[in-house]
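Here the structure comes first, spelled out in structure tokens, and everything after it is commentary.
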Amino acid sequence: SLSPILQSSVKAVFILDNDGNRLLSKYYDPEFYPSMKEQKNFEKNVFNKTHKADNEIAFLEGMTIVYKTSIDLFFYVVGSAQENELMLMSVLNCLFESLSQILKKNVERRCLLDNMEGVFLVVDEIIDGGVILESDPQQVLQKVNYRVRGESVIPNYQSCHFIY
Amino acid sequence: MIKKFDKKDEESGSGSNPFQHLEKSAVLQEARIFNETPINPRRCLHILTKIIYLLNQGEHFGTTEATEAFFAMTRLFQSNDQTLRRMCYLTIKEMANISEDVIIVTSSLTKDMTGKEDVYRGPAIRALCRITDTTMLQAIERYMKQAIVDKVPSVSSSALVSSLHMVKMSYDVVKRWVNEAQEAASSDNIMVQYHALGLLYHLRKNDRLAVTKMLNKFTKSGLKSPFAYCMLIRIASKLLDETEAGHDSPLFDFIESCLRNKNEMVVYEAASAIVHMPNCTARELAPAVSVLQLFCSSPKAALRYAAVRTLNKVAMKHPSAVTACNLDLENLITDSNRSIATLAITTLLKTGSESSVDRLMKQISSFVSEISDEFKVVVVQAISALCQKYPRKHSVMMNFLSNMLRDDGGFDYKRAIVDCIISIIEENPESKETGLAHLCEFIEDCEHTVLATKILHLLGKEGPRTPQPSKYIRFIFNRVVLESEAVRAAAVSALAKFGAQNDDLCFAFLDDEVRDRATFYMNVLQQKQKALNAAYIFNGLSVSIPGLEKSLHQYTLDPSEKPFDMKSVPLATTPITEQKTEIAPVATSKLPEKLAPSRQDIYQEQLAAVPEFQGLGPLFKSSEPVQLTEAETEYVVRCIKHTFARHMVFQFDCTNTLNDQLLQKLTASPTVSPVPATL
């Protein structure tokens, strides 16, 4: 079967802590693990196979999974087995870089949880219903314009129009 | 790279989660402050975050409480805090399915989508389209069309992607926006172009001509977006496949030209597309393969993985095309990513020479326990293909497979191995015995009924035709005794097949001695005579075993027509009870209670056979034998007292311990001491 066209590029995204607990997760395909039980089970399996390996890419339960870790966090992007792995990596990199900026390089659990609204918004700006919305972390940050602990991430940004 | 945070942070509970002990009802209670004025953005933001976090963790919200919370949230539109507004949009999307009457936010969202704050417009569009149905969509149609061609990329992208999501539900409405989408497709923004082309494709995909035109147009004018390139490559492949166009079409040329794109993602997409095309010639494959070869040495694991995975596919149909990559693949065998290593090895197995098989198999066996079940199955499949290619290597393969069978693994994995072994057996008659032996070993400890029954069926089919069918009967027989019903049934059927082939195989699976005894006992039991049971099963040999051996040996040296006479064997030196224990230890140790009454029955029968005792009636009790002499004397005597209703019978068993003497005419003369009658 062919790779999807635009739609359904990303099947799921999730962030786990170093015990494998879910901190954030979004599933975009109604046919891919629709129930909470299936999702948690999948996350557990993925975590078990990847948290020691630190290998960047894995293939599990018929899905390609790209992942990245930072201190005590694990970031996962899941696509179908036919998906272009580099496309999935671009999503993962965008996610990681954007969060890294939001959290001022403290990409670790406590900081993430203290800025959870920023994290939710970042994910929302990168993927919409399984479609890759944005791949450039700078663009994501401009759209989210999240203030970490009272400071704006992008100084003096109020209402500037995009120039392209 | 790992940043150390200061002690203060650690003490404040680096292990703690601020959301850990959230209680839904408490949070919803807190949400009441949404109704207060003035709105406190920080606090409200925090509560919304908690609500979304709870939803994300799988917390169930009932319709009433969800609706209440949703309505309360709408009050927050009064605040101009940007982050708060954004979180409201997110909440709308998250609660769209669990709250009632979500359309009340339509006017607020429409206002935002057409308002001055660019940072609101994109997200507002996306939230609005999430809650819109076809009727409502028509009401906002002109706003959508405007949004699609908006110069702000996030607005345009949001509108395009939302339109895409709505194609299924409201195709007829969205179809009318095709011109706007076409305009957006010329955008310089790489995401807008990607989204626009995607929408155009999905609006036109049933019209092959329109799709072809679109492709021709955009492949000629340079695209800006690598994502768009990937998408067009896929569309072109699909068209080529559907139209079965030859590979000298402009579509193929476009894909081939993408091999020279400066973006790796596009190059890989093109290589993958070419590889997956049916009927590719070696010449057409070559440029794709060389690009993949380069990727094998990329520092990016994802790219190495993608490359080797694709080369693996090529190797399935065109192994010769991949031979050029063998060196690069060899380097990947030691890749720290085990998935990559596995794929590299299995590819090499398809393309390598027969001489490399042993070496490669050794390398795989060193890490097969570390890889996931999915990859283990991949390895097994590669071995299966290899066996067909190099039938002479079946013993190496079989060995490897049997080791894998012994290791841990799930059902699919074990089944793949069993199927592989079976196919080797079927293809290679020489491997049959080894294969069957491995499978026999496996079913000794197999938890999967399906596999056990499959193997038993195979044993029934193939076993009887082997030179030594008896070998397999033991394994099958054990299954009859030990397993679950389904397996026992299969085992019995298999045994029947053996029996049907060969009459003598009844006890053939037993070792000689076991078989002989079994046959002997079967015959005795079939006679159904207690006296015989007594003589041959319960009471053991009363003769000396070494003496018996010697006499038998004499007999064989000096053949005679007379049958062998047991009486010519000297009697045992050890007491009979001990001898009995030697001969039938199992019976005594396991069923002591059962044996005692039987012994009495025997005594009863023996006594009944003597005419003088026939009038005594039933035997009440027989005592245990009592030794009357010491063991080392010339003859030993023991006495058994049989008690009848009104009589006592004393049985004296005399055993001669000397080989060269014969005792005859024995008499017993008991002396009775006067004992006062006390009963």
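The values are calculated or read from the model by the stated rules, or taken from the named source; none is laboratory data. Just so we're clear, the structure is a prediction, and the values are computed from it rather than from any experiment. As a convention, Cβ positions derive from the backbone with ideal geometry for all residues, glycine included, and neighbour counts pool all protein chains shown. Surface areas here come from the heavy atoms of the whole protein model, side chains and all, with no ligands, DNA or RNA. Shrake-Rupley method; radii C 1.70, N 1.55, O 1.52, S 1.80 Å.
Annotations
- Under the condition of being in contact with a Pro (Cβ under 7 Å, 6 or more places away or on another chain) and more than 7 Å from chain B (Cβ to nearest Cβ), the residues counted in segment A:84-113 number 4.
- Of all residues making up segment A:52-110, the number that are without any contact (Cβ under 8 Å) to a residue 12 or more places away in the chain and aliphatic (A, V, I, L, M): 2
- Within segment B:140-167, residues that are assigned to a helix (DSSP H, G or I) sit with their Cβ atoms under 6 Å from residues that are of a type in the set (Asp, Glu), at 6+ positions apart or across chains, in these pairs: B:Lys145/B:Glu180; B:Ile148/B:Glu180; B:Ser156/B:Asp150; B:Val161/A:Asp128.
- Test result for B:Ala210, surrounded by 22 or more Cβ atoms within 10 Å (Cβ to Cβ) and without any contact (Cβ under 8 Å) to a residue 40 or more places away in the chain: no
- Among (1) closer than 16 Å to B:Ala490 by Cα; (2) surrounded by fewer than 22 Cβ atoms within 10 Å (Cβ to Cβ); (3) in contact with a Pro (Cβ under 9 Å, 6 or more places away or on another chain) - the single one B:Gly463 does not satisfy: (2)
- When A:Glu31, A:Glu85 are screened for being at pLDDT 90 or above and open to solvent by 20 Å² or more (accessible area, probe 1.4 Å), only A:Glu31 passes.
- Exactly one residue among B:Ala302, B:Ala324, B:Ala306, B:Ala315 is open to solvent by 40 Å² or more (accessible area, probe 1.4 Å) and among the hydrophobic types (A, V, I, L, M, F, W, C), and that residue is B:Ala324.
- Where helices (runs of 4 or more DSSP H) fall wholly inside segment B:170-238, the ranges with 1 or more residues that are farther than 21 Å from B:Thr134 by Cα are B:178-184, B:190-204, B:208-220.
- Matching residues, segment A:126-136, being open to solvent by less than 10 Å² (accessible area, probe 1.4 Å) and at the interface with chain B (Cβ under 8 Å from one of its Cβ atoms): A:Val131, A:Ile132, A:Leu133
- Every residue from segment B:276-296 that is out of contact with any helix residue (DSSP H, G or I) (no Cβ under 6 Å at 6 or more places or on another chain) and not charged (D, E, K, R): B:His276, B:Met277, B:Pro278, B:Asn279, B:Cys280, B:Thr281, B:Ala286, B:Ser290, B:Leu294
- Set B:Thr310, B:Thr334, B:Thr342, B:Thr346: member being out of contact with any His (no Cβ under 8 Å at 6 or more places or on another chain), within 14 Å of chain A (Cβ to nearest Cβ), of a type in the set (Val, Ile, Thr) and without any contact (Cβ under 8 Å) to a residue 12 or more places away in the chain: B:Thr334
- Per-region count, segment B:469-501, residues acidic (Asp, Glu) and outside any helix (DSSP H, G or I): 1
- Residue list for segment A:36-61, filter: open to solvent by 60 Å² or more (accessible area, probe 1.4 Å), more than 15 Å from B:Ile371 (Cβ to Cβ) and more than 7 Å from every other protein chain (Cβ to nearest Cβ): A:Lys37, A:Glu38, A:Lys40, A:Asn41, A:Lys44, A:His51, A:Asp54
- Segment B:119-177, subset of a type in the set (Lys, Arg) and away from chain A (no Cβ under 13 Å), residue surrounded by the fewest Cβ atoms within 10 Å (Cβ to Cβ): B:Arg142
- Complete set of residues in segment B:354-395 that are of a type in the set (Phe, Trp, Tyr) and open to solvent by 20 Å² or more (accessible area, probe 1.4 Å): B:Tyr390
- Single residue of segment B:419-456 satisfying the filter (aliphatic (A, V, I, L, M) and within 19 Å of B:Ala489 (Cβ to Cβ)) that is farthest from the chain's Cα centre (by Cα): B:Leu456
- Evaluation of B:Ala236 against (1) crowded, with 19+ Cβ neighbours inside 10 Å; (2) touching a Leu at 6+ places or on another chain (Cβ under 8 Å); (3) closer than 19 Å to A:Val131 by Cβ (one fails), failing number: (3)
- Screening segment A:62-77 for residues that are assigned to a loop (DSSP other than H, G, I, E, B) and within 22 Å of A:Ser98 (Cβ to Cβ) and picking the one that is nearest to the other protein chains (Cβ to nearest Cβ) gives A:Ile71.
- The residues of segment B:31-51 that are assigned to a loop (DSSP other than H, G, I, E, B) and surrounded by fewer than 18 Cβ atoms within 10 Å (Cβ to Cβ), listed by number, are B:Glu36, B:Thr37, B:Pro38, B:Asn40.
- Test: residue in segment B:281-299 that is open to solvent by less than 10 Å² (accessible area, probe 1.4 Å), touching a Pro at 6+ places or on another chain (Cβ under 8 Å) and of a type in the set (Val, Ile, Thr): no
- Selection from segment B:87-101 of residues that are open to solvent by less than 20 Å² (accessible area, probe 1.4 Å) and in contact with a Phe, Trp or Tyr (Cβ under 7 Å, 6 or more places away or on another chain): B:Cys88, B:Leu90, B:Met95, B:Ser99
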